[in-house]
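Below: one structure, written as structure tokens.
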Ligand code: G3I
């Protein structure tokens, strides 16, 4: 699919990027409001006004995944404006959207999201330029001699378009093998080599946007310690080779059955690089059988423990390393987890916009005094 002729992008004045973190309700007030809600039991959670906004609680920008359609839903936009300070396009800034079926390139949806973020005083996080799971048909339809130029041009056009509008990019997504044994083979690695395509993507993105934080992003880094270790060895190797990786993205699609401490251990090892860390796609599915009250309560307890651990581990980072804490959806019904069937509660708000138990876990995790975090850590 032929990309448009590459016209130089009008230089954009750097959009106002929100300062790190949000000034707002003192943390103690947030804790009291949250605990008061919890102490009053279920009924009051439904009746009482929501706790203080997440963006006043979390010591960094609070992100959420967004799709253009949600911007036409005033319930979504009202809740997001109250709670959230950063947006990540859930799918419409990826190749699957931009490289349209008709051979053109589509930017209407990501542009709409960027405009909404700016108008709402929210930061924007770009997701995702190069991913093993997208772009194969497009790339392999290009003559081999032109593929390198096409790869570079895609990044130049897309990253160039949003230069000055976003705080950071997921430059390469999910490069590590599913089981953590080495890296994934894909159409990008077939062309440029396994480390090669990653290094090239970072170099091209840095050329297109000198200011964005450039992330290597992956999942199961805390759920599977072997995968987390392989990921960090990859970061180390690429940095040593001069790749401009300036951020570490841990998606945080939590397996709530993991032992206590794995999250803390990965975050500690990741923090050792001294780079900004993005918890980039947090959700904590509880799985099936939730209609059974005893099972639901047991799953909620595990979810609460692991989400609190993530919040505490993130809050324990030095401020310069707390890039953002992003939830992969605003309300439970927005979660991709609930798109086949539904019924799970993996996010911080229910479909009526009321705080869930996961929200309470975030309140407790981010309100724990540093001494407690240290003991738990
Ligand atoms: O909205 C359209 C609909 O109009 C159309 O009829 C339908 C069929 O073509 O597609 C719908 O769009 C889908 C979109 O999700 C919204 O549901 C896309 O096809 C589908 O590909 C897209 O899936 C997204 C997926 O990444 C692939 O991009 C999910 O929303 C999104 O949650 C998921 O997010 C990934 C992260 O990028 C990386 N980490 C894992 C995470 C979960 O898989």
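Please give the residues of the range 135-168, grouped as numeric ranges, whose backbone N is less than 16 Å from a label point set 7 Å along the Cα-to-Cβ vector of residue 106. It comes to 135, 138, nothing else. So, R0 is 22 Å and r is the distance between the beta-carbons of residue 75 and residue 339; what FRET efficiency does that work out to, to 0.05? Rounded to the nearest 0.05, the efficiency is 0.75.
Note on residue 272 and residue 118: the model spin-label points, each 7 Å out from Cα along the C-beta direction, lie 4.2 nm apart. For a test of the definition: using alpha carbon positions, the gyration tensor, and the 1.5 limit on a/c, classify the range 211-344 as rounded, prolate or oblate. Taking the square roots of the gyration eigenvalues as a ≥ b ≥ c, the range 211-344 is prolate.
To the nearest 0.05, how large is the calculated FRET efficiency for residue 351 and residue 178 if R₀ is 30 Å and r is the Cβ-Cβ distance?
On the way: r = 32 Å, r/R0 = 1.06.
Between residue 351 and residue 178 the formula returns 0.40.
Put the Cα centre of the range 218-256 next to the Cα centre of the range 148-188 and the gap is 15 Å. Spacing of the modelled spin labels on residue 257 and residue 290, each 7 Å from Cα toward Cβ, amounts to 1.7 nm. When you count the other C-beta atoms within 10 angstrom of each residue and take the mean per peptide, 316-327, 340-351, 159-170 line up highest first as 159-170, 316-327, 340-351. Taking square-rooted eigenvalues a ≥ b ≥ c of the alpha carbon gyration tensor, is the range 89-231 rounded, prolate or oblate, where a/c under 1.5 means rounded and, failing that, a/b exceeding b/c means prolate? Verdict is oblate for the range 89-231.
Rule-based calculations on the coordinates, nothing more; no lab input. Source: prediction; values computed, not measured. Here Cβ is always computed from backbone atoms with ideal geometry, including for glycine, and neighbour counts include all displayed protein chains.
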